[in-house]
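Take a look at the structure set out below.
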Amino acid sequence: MDLTGKTALITGAGRGIGKGCAIELARAGADVVINDRPGSPDLDATAAEIRDLGRVCHAVESDAFSRVGCEQILKAALKAAGQIDILVSNPAFSQRCAFLDYPAESFDKTIAGTLTAGFHMSQLVARHMVERGQGGKIIFISSVQAEMPIGLCVAYGAAKAGLNHMMRTIAVELSPHRINVNAIEPGWIDTPGEHVTFSEEAFEAEGKKLPWGRLGLPADIGKAATFLSSCDADYITGSVLPVDGLFRFKDCRVEGLIPLRKS
């Protein structure tokens with residue numbers, strides 16, 4: 001998968017899944033523009049890591065949760081790189097809380113930061129791609145929670161489910177312009193954000209329970225994004241790709257079933 005000559009824009013790329021996508025795209029030969037929130041403590045270090053791979057990397061601090069912020073990101077990206085061939089849209093906000101206690105303002109913020117922000121960034125980049133007339137690749141980072149009703153995540157699951165549906169509609173509308181639009185559904189990924197909630201002991205114990213024997217890594221998602229960004233995926237659009245080590249079906253294994261009665 002050779003992305004030489006391509007420029008990728010990745011939002012929310014200071015750390016975690018966004019960083020994993022940026023690094024893997026760079027490994028495949030793409031120059032990258034990475035974005036994170038203003039004052040991000042991670043953005044410069046990630047940019048340096050990518051440059052150490054021998055790739056061009058521009059870092060843009062701006063709020064991807066707002067329309068104005070997305071406009072600033074695209075403007076800065078085009079000024080620095082001249083074009084965007086690939087977008088990895090990775091904005092998200094999540095707060096775990098029981099439904100009966102879920103703060104209304106947190107629900108609104110989750111929808112805005114996870115679903116609406118994806119609309120803003122993808123629409124702006126898609127307009128640029130259409131104007132250039134050379135196709136392009138748009139990849140949304142969704143979640144298995146778009147399909148799985150996991151407790152304490154009512155807003156996040158709803159936002160990701162909406163993101164999947166929005167992706168398919170965008171794919172249909174952009175198909176005449178040969179812009180591929182897809183989504184990746186990560187499972188449980190070992191990211192800095194998850195370490196805020198769970199202990200190291202929990203990570204180790206829960207990872208062993210998964211069919212693949214471990215939690216996912218940001219690089220796992222990055223490699224999938226690299227594939228979807230490549231010409232090898234030119235006939236794939238409007239699709240959702242789970243990258244979860246079978247997390248969705250972890251309770252469907254034979255060894256996990258209730259023992260059958262002996263005849």
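Only the coordinates and a few stated rules stand behind these numbers; no lab work does. A quick note: this is a predicted structure, and the numbers were derived from the prediction, not measured. Note: ideal-geometry Cβ built from the backbone for every residue, glycine included; neighbour counts use all protein chains shown.
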Ellipticity estimate at 222 nm from DSSP helix runs (n ≥ 4, -39,500 (n - 2.57)) divided over the chain, nearest 500: -13000 deg cm²/dmol
Whole-number percent relative contact order across the chain, with pairs defined as alpha carbons under 8 Å at least 6 apart: 20
Theoretical FRET efficiency, 1/(1+(r/R0)^6), r = Cβ-Cβ of ASP52 and ARG253, R0 41 Å, to 0.05: 0.50
Residues of type lysines that LYS223 reaches as a straight line, Cα spacing below 25 Å, ignoring anything fewer than 8 places off in the same chain: LYS6, LYS19, LYS137, LYS160, LYS208, LYS209, LYS250
Cα-based Kirkwood hydrodynamic radius, region 150-202, one decimal, Å: 13.6
Eligible aspartates and glutamates near LYS75 by straight Cα distance, threshold 16 Å, same-chain separation 8 or greater: ASP36, GLU61, ASP63, ASP85, GLU131
The chain: antiparallel DSSP beta bridges as a percent of all, rounded to 5: 0
GNM top mover of MET166, MET148, MET121 - the chain, alpha-carbon springs below 10 Å: MET148
Isotropic mean projected area of the C-alpha convex hull, the chain (nm²): 16.3
Whole-Å distance, taken between Cα centres, linking region 11-89 and region 165-234: 17
Under-5 Å amide H pairs with LEU241, H placed in peptide plane, nonlocal only: ALA183, ILE184, GLU185
Among 60-67, 29-36, the order from most to least packed when residues are scored by Cβ within 10 Å on average: 29-36, 60-67
At least 20 Å along the helix axis (C-alpha) and Kyte average at least -0.5, DSSP helices within the chain: 67-81, 117-132, 154-174
Shape category assigned to region 95-237 from the gyration tensor of Cα positions, a/c cut at 1.5: oblate
